[in-house]
Amino acid sequence: MEQSRKTYNILFVCLGNICRSAAAEAVMKAVLAKHEDERFFVDSAGILSYHQGEPADPRMRYFAGLRGYDVTSISRPVKGYDFEKFDLIIGMDNSNVDELKERAATPEQEAKVHQMTEFAIRTTETYVPDPYYGGNEGFERVMDLLEDTCEGLYQYLIKRII
């Protein structure tokens, strides 16, 4: 008997949706392409709407591009309907996760909220730090963390959810 091919929707969230969540979206799409898995829809958003309509930070796009990722998302804020549309909503740090849980309207919606580092394979970091006000090494570190956690997220999904 063939298993149903439901699309599973994943939303990555950071503060402004111009660095971490935008890069996570690009990395996760690459992970899915590598595994030739089309069962997922991936998007990103920000807690704040300050950068709404803007492309990702040029530094994030640059450092992601060095590793072969194309960060094309346009910043948008998290909306109430996201809690209905998405099966998994992943914040990059404690503040993101706390804000998302506060915005959830029901316990079921709150249960969709997770932290990116929950899916780590190798790293022992407890959150993905915001590189916005730091130097180049901060963007490199974010990419290291996202490559690890996105692959871990994929492994989690194929074993437990899909």
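The values are calculated or read from the model by the stated rules, or taken from the named source; none is laboratory data. Remember, it's a predicted structure, so these values are computed and weren't measured experimentally. Note that each Cβ is placed from the backbone with ideal geometry, even for glycine, and that neighbours are counted across all protein chains shown.
Check segment 141-162 and report whether any residue there is at pLDDT below 95 and small (Gly, Ala, Ser). The answer is no; no qualifying residue exists. Modelled with pLDDT of 95 or more, assigned to a strand (DSSP E or B), buried (at least 20 other Cβ atoms within 10 Å of the Cβ) and aromatic (Phe, Trp, Tyr), is that true of PHE12? When the stated conditions are applied, PHE12 passes them.
The residues in segment 131-162 that are touching a residue at least 12 places away in the same chain (Cβ under 8 Å) and either touching a helix residue (DSSP H, G or I) at 6+ places or on another chain (Cβ under 8 Å) or not aliphatic (A, V, I, L, M) (or both) can be counted, and the count is 21. Just to verify a result, which residue in segment 1-56, among those that are in contact with a Pro (Cβ under 7 Å, 6 or more places away or on another chain) and without any contact (Cβ under 8 Å) to a residue 40 or more places away in the chain, is farthest from PHE83 (Cα to Cα)? Looking at residues that are in contact with a Pro (Cβ under 7 Å, 6 or more places away or on another chain) and without any contact (Cβ under 8 Å) to a residue 40 or more places away in the chain, I get GLN52.
Just for segment 15-50: of the residues that are part of a loop (DSSP other than H, G, I, E, B) and out of contact with any strand residue (DSSP E or B) (no Cβ under 8 Å at 6 or more places or on another chain), which one is nearest to PRO131 (Cα to Cα)? Write out each step before concluding.
In the first step, residues of segment 15-50 are kept if they are part of a loop (DSSP other than H, G, I, E, B); the result is 15-19, 35-39, 47-50.
Among the residues that remain, those that are also out of contact with any strand residue (DSSP E or B) (no Cβ under 8 Å at 6 or more places or on another chain) are: 19, 35-38, 50.
Values: CYS19: 7, HIS35: 29, GLU36: 30, ASP37: 30, GLU38: 30, TYR50: 17 Å.
Here the residue is CYS19.
For segment 85-97, a residue qualifies if it is more than 25 Å from ALA30 (Cα to Cα) and loosely packed, with under 14 Cβ neighbours inside 10 Å, and exactly one does: ASN94.
Of the residues making up segment 110-123, those that are modelled with pLDDT of 95 or more and of a type outside the set (A, V, I, L, M) are GLU110, LYS112, HIS114, GLN115, THR117, GLU118, PHE119, ARG122. Residues in segment 51-78 that are surrounded by 16 or more Cβ atoms within 10 Å (Cβ to Cβ), of a type in the set (A, V, I, L, M) and not in a helix (DSSP H, G or I): ALA56, VAL71, VAL78. Can you pull out the residues in segment 100-125 that are polar (S, T, N, Q), surrounded by 11 or more Cβ atoms within 10 Å (Cβ to Cβ) and more than 15 Å from the chain's Cα centre (by Cα)? Across segment 100-125, the qualifying residues are GLN109, THR123. The set of residues from segment 98-130 being more than 22 Å from LYS29 (Cβ to Cβ), touching a residue at least 12 places away in the same chain (Cβ under 8 Å) and not in a loop (DSSP other than H, G, I, E, B) comprises GLU99, LYS101, ARG103, GLN109.
Output the residues belonging to segment 15-27 that are of a type in the set (A, V, I, L, M) and surrounded by fewer than 24 Cβ atoms within 10 Å (Cβ to Cβ). The answer is LEU15, and nothing else.
Out of the residues in segment 79-97 that are β-branched (Val, Ile, Thr) and outside any helix (DSSP H, G or I), which is farthest from the chain's Cα centre (by Cα)?
ILE89
Selection of segment 32-50 for residues being crowded, with 18+ Cβ neighbours inside 10 Å and either among the polar types (S, T, N, Q) or touching a Leu at 6+ places or on another chain (Cβ under 8 Å) (or both) yields PHE40, VAL42, ASP43, SER44, ALA45, GLY46, ILE47.
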